[in-house]
Protein chains: 2
Amino acid sequence: MSTENPRAEERETRTAAPAPGLLPTLDAPAPERADAARNRRRILDAAARIVAERGPDAVTMNQVAHASGIGVGTVYRRFGDVSQLLWALLDDRERRFQEAYMSGPPPLGPGAPTAERLDAFLDALVDRVAEQREILLAAHSAAPRARYHSGAYRLMHTHVALLIGQLRPGADGALLAHLLLAPFSPDVMHHLAVEQELSGERLKAGVRELLTLRQGS
Amino acid sequence: MSTENPRAEERETRTAAPAPGLLPTLDAPAPERADAARNRRRILDAAARIVAERGPDAVTMNQVAHASGIGVGTVYRRFGDVSQLLWALLDDRERRFQEAYMSGPPPLGPGAPTAERLDAFLDALVDRVAEQREILLAAHSAAPRARYHSGAYRLMHTHVALLIGQLRPGADGALLAHLLLAPFSPDVMHHLAVEQELSGERLKAGVRELLTLRQGS
């Protein structure tokens, strides 16, 4: 393998191959040179388009190279293989989702009333799972019980538990956050969205309705 | 294999080996002779005790024969192997649970106000999953996405959707029932009860609290 810049190569290895089942948390990635970052973005965007159009099984390193206009050698050097590229795609999307709910604009980010922030989070989570449903499902099927130990799940859980604690002081926020996140498991969402053919809007409305089921009863 | 009664043998095969991932529904089993039914009950009770004391991995046909006082040849003839015996154990327990919530005494069965019946069902479901958690988890791990197509899940879903429809006319009962049953997936319950060490009472209180999270907010 040719290596123009050994230090850049080392960084790439660190960011390109998270352990399966353990999506990364908000830890900042090591800084990249501007052109390396640009290439990375082009490769990931091309892969995301292929996944959106034809599903994760259709992704090959050659197609990603062709669609991104970047040499196939560079694609292999940066991402190793298709499996690592798909992990990097999940990682990239998850990182942007985390930034949005931790520090983005309201109502998903800080600044909105707690009830609105929780609604915005649950709505965004429906979209988040829908956007990468097939990759998330494949990762989940490979290691079903890793979900609860992943950085992505833990950060979501902490966030939802804090919001519930603000919304209803004295509530069992830690437990309620687990119960509220359970339907967002990729296998449940696959059943609802693909097998039951329920739209994202209907899923969002249903999640809100669940939390008021006993109101007025 | 010796066969004293070919017709009884045929019935046994039908009831002892449900397809993996497809727990049976309320379809009545074929009638058994009184002594065959008594033996079946003794074998299942002995296996249930071994599972409760030492987990499903500890179950062997010899131990079940010894603990039930029934010849090991009869145990093999009735249940085939340990895997089928464990399925029969799930089947037996699920059937009693279904009878209780479909036609047993209130508040779990008919006759109580809808809100109380839903509470009673969710409480009973916490206990149901806890009682056979390890067998349910093993079955779920073997075929994670079979849950939503199993007779047991479908009957629970129909029941909960009907109760929700009575409780809140106009609610999206079919979707809400799926969302409400999601935390009862064996992998979620394993995480909460074993890894997080939450008690059954805390789980029951949390499920009720979830449905009132927005009340008064």
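Once you place label points 7 Å from the Cα toward the Cβ at residue B:143 and residue A:154, how far apart are they in nm?
Result: 3.5 nm between the two label points.
Measuring label to label, 7 Å along Cα→Cβ, what does residue B:201 give against each other copy in nm, shortest first?
4.6
Based on Cα positions only, what radius of gyration and what Dmax would you give for the stretch B:135-176, in angstroms?
So, for the stretch B:135-176, Rg and Dmax equal 13.0, 38 Å respectively.
About its Cα centre, what dipole magnitude does the stretch B:83-217 give when the only charges are +1 on Lys and Arg Cβ and -1 on Asp and Glu Cβ, stated in debye to the nearest 20?
Taking the Cα centre of the stretch B:83-217 as origin, the dipole is about 360 debye.
Sorted from shortest, what are the nm distances separating the label point of residue A:115 from equivalent points in the other copies, each placed 7 Å from Cα along Cα to C-beta?
Result, one decimal in nm: 1.9.
What does the buried accessible surface come to for A and B, summed over both chains, with the probe at 1.4 Å? Round to 100 Å².
Summing both sides, the interface buries roughly 4300 Å².
If you line up the Cα atoms of the stretch A:55-211 on their principal axes, what length do they span on each, largest first, in Å?
Principal extents (Cα only, largest first): 56, 34, 27 Å.
If Rh is defined by the Kirkwood formula over all Cα pairs and Rg also comes from Cα, what ratio Rg/Rh do you get for the stretch B:20-141?
Ratio of gyration radius to Kirkwood radius for the stretch B:20-141: 1.01.
Placing the label point 7 Å from Cα along the Cα-to-Cβ direction, what are the distances from residue A:72 to the equivalent spots in the other copies, shortest first, in nm to one decimal?
Once sorted, the set of distances for residue A:72 reads 6.0 nm.
The values are calculated or read from the model by the stated rules, or taken from the named source; none is laboratory data. Treat the numbers as computed from the prediction; the structure is a model and nothing was measured. A quick note on method: Cβ atoms are made from the backbone with ideal geometry, for glycine too, and the neighbour counts reach across all protein chains shown. All accessible areas refer to the heavy atoms of the entire protein, side chains included, with ligands and DNA or RNA removed. Shrake-Rupley method; radii C 1.70, N 1.55, O 1.52, S 1.80 Å.
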